[in-house]
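Here the structure comes first, spelled out in structure tokens, and everything after it is commentary.
The numbers here are math on the coordinates, done by the rules we state, and not lab data. What you see is a predicted model, and the numbers here were worked out from it, not measured in a lab. Here the Cβ positions follow ideal geometry from the backbone for every residue, glycine too, while neighbour counts run over all protein chains shown.
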Amino acid sequence: MKTPHVAALCFFLALAAGCRDAGDKKPAVVPTAAVHAPKSQALDPYYYGLIEEYRTILAEDPTNLAAVIALGNAYFDSAQWGDAVRMYERAVELDPRNADVITDLGTAYRNLGKPERALAEYRRALGLEPAHLNARYNLGVVYAYDLKDYARAIRLWEDLLRLAPNYPEAKAIQAHITAIKKSQQKSGR
């Protein structure tokens with residue numbers, strides 16, 4: 001998980017690099033993980049200041065894509081899912097081809113208890129970038145843990161591992177697959 005200092009530094013470097021305009025280039029954004037998991041459900045005091053800083057930037061420049069995404073990420077990392085959805089949807093309005101943001105939007109919907117909407121967003125990301133590994137990973141998560149469609153989850157994850165055997169979550173994926181298969185064997189499925 002990114003540290004607050006690294007996230008802030010990346011954001012300000014992105015601003016300094018001229019990401020204020022969503023024009024002809026893909027903006028630098030604060031990176032996000034495959035499945036975000038906040039360290040605690042309590043809002044880290046750091047996020048109050050960070051969120052206020054991004055709000056201040058957006059009050060002056062509402063179309064600052066880097067700030068919109070960074071605010072969405074701050075809401076996401078502090079488990080404020082509804083606000084994260086709102087900011088990610090705004091980011092997608094500004095940059096409709098950003099598969100990373102669309103994937104994070106899907107995960108925020110999942111965390112709001114809307115797995116079908118999450119699947120739609122992951123599929124949209126894959127429509128833009130068919131090899132988007134995080135969208136593929138998260139599709140498997142929703143199928144396995146929300147919809148209990150274990151066979152589909154395993155297929156998705158095995159395909160991901162064939163495409164990217166060194167994917168950062170490869171060991172965790174393999175462990176999930178093994179656990180699901182063992183559970184199915186015990187239950188006779």
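Protection proxy ranking for 108-115, 156-163, 74-81, 131-138, using the average of other Cβ atoms within 10 Å per residue and placing the highest first: 74-81, 131-138, 108-115, 156-163. Between the range 155-189 and the range 47-83, the alpha-carbon centres lie 35 Å apart.
When the inverse distances between all different Cα atoms of the range 35-189 are averaged and flipped, the Kirkwood radius reads 16.5 angstrom. Shape of the range 105-189 from the C-alpha gyration tensor: oblate (a/c of 1.5 or more and a/b not above b/c, with a ≥ b ≥ c the square roots of its eigenvalues). Scalar couplings 3J(HN,Hα) for the range 177-183, obtained by applying the Karplus form with A = 6.51, B = -1.76, C = 1.60 to θ = phi - 60°, are 4, 4, 4, 5, 5, 5, 4 Hz; x denotes Gly and Pro.
With the dipole of the range 82-189 worked out from charges on the C-beta (+1 for Lys and Arg, -1 for Asp and Glu) around the Cα centre, which of Leu94, Ala118, Thr178 lies farthest toward the positive end? Sorting the options by dipole projection puts first Thr178.
What is the dipole size for the range 54-145, taken about its Cα centre, with +1 at each Lys and Arg Cβ and -1 at each Asp and Glu Cβ, in debye to the nearest 20?
Roughly 340 debye, rounded to the nearest 20.
Look at the alpha carbon pairs under 8 Å that are at least 6 residues apart: their mean separation over the length of the range 58-178 gives a relative contact order of 15 percent.
Taking R0 as 35 Å, what FRET efficiency do you get between Leu112 and Tyr46 from their Cβ-Cβ distance, rounded to the nearest 0.05? That pair, Leu112 with Tyr46, gives E of 0.90.
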